[in-house]
Amino acid sequence: QCDWSSDVCSSDLFNKIPDWWTKAKGATGAELLPVKNSKLVKRLPWNQHPQVYYYYQCVPRDGAKVHVTAEGHPLLISRNYGKGKVFLWLGTVLGGPETNKPDDKNSQMNPFWEWSGWQKLLARMITK
């Protein structure tokens, strides 16, 4: 049985972090950024600037691979486990932009769960 908190992240992670999640620093959220050497995230529409507003912090274990980051923190991590692979998504569907309004043409409100690449990324995780 795989326990994501100890098999993908450091086992004492939640003893060190006072809150379960971290609020993105920017009022419009934190942009998801693909890790360049990850085949999993290639050819997805990153130019749409998907955002996360709250995320969990995690220190990847040795052997884990980071695929996506936000504000310099890992957001999508994978690690081999037995004959398979475990993926850990650390973003939450909590929150939204604080200052941008829907009628503001300069706003970039693109929560990751509404991003056109989200379903493709999920499908890739399931089939890997």
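Determine the order of Leu122, Leu33, Leu75 by accessible area, beginning with the largest, at a probe radius of 1.4 Å.
Leu33, Leu122, Leu75
Using a 1.4 Å probe and counting only protein heavy atoms, arrange Ser38, Ser116 so the residue with the most accessible area comes first.
Ser116, Ser38
Between Thr127 and Leu94, what is the label-to-label distance in nm when each label sits 7 Å out along the Cα-to-Cβ direction?
Distance between label points: 3.3 nm.
Probe radius 1.4 Å, ligands and nucleic acids left out: which of Met109, Met125 has the largest accessible area, and how do the rest follow?
Final ranking, largest accessible area leading: Met109, Met125.
Could you run the Karplus curve 6.51 cos²θ - 1.76 cosθ + 1.60 with θ = phi - 60° over segment 89-94 and give me ³J(HN,Hα) per residue in whole Hz, x for Gly and Pro?
The phi angles translate into 9, 9, x, 10, 8, 7 Hz.
Taking a point 7 angstrom from the Cα of Glu114 along the C-beta vector, which residues in segment 20-62 have backbone N less than 15 Å away?
28-30, 48-54
With θ set to phi - 60° and the Karplus curve 6.51 cos²θ - 1.76 cosθ + 1.60, what are the ³J(HN,Hα) couplings of segment 47-59 in order, to the nearest whole Hz, using x for Gly and Pro?
Calculated HN-Hα couplings, in order: 5, 8, 6, x, 10, 10, 10, 9, 8, 8, 9, 8, 9 Hz.
The values are calculated or read from the model by the stated rules, or taken from the named source; none is laboratory data. What you see is a predicted model; the values in this text were computed from it and never measured. All Cβ positions, even for glycine, are placed from backbone atoms using ideal geometry, and neighbour counts span all protein chains on display. Accessible surface areas use protein heavy atoms only, side chains included; no ligands, DNA or RNA. Shrake-Rupley method; radii C 1.70, N 1.55, O 1.52, S 1.80 Å.
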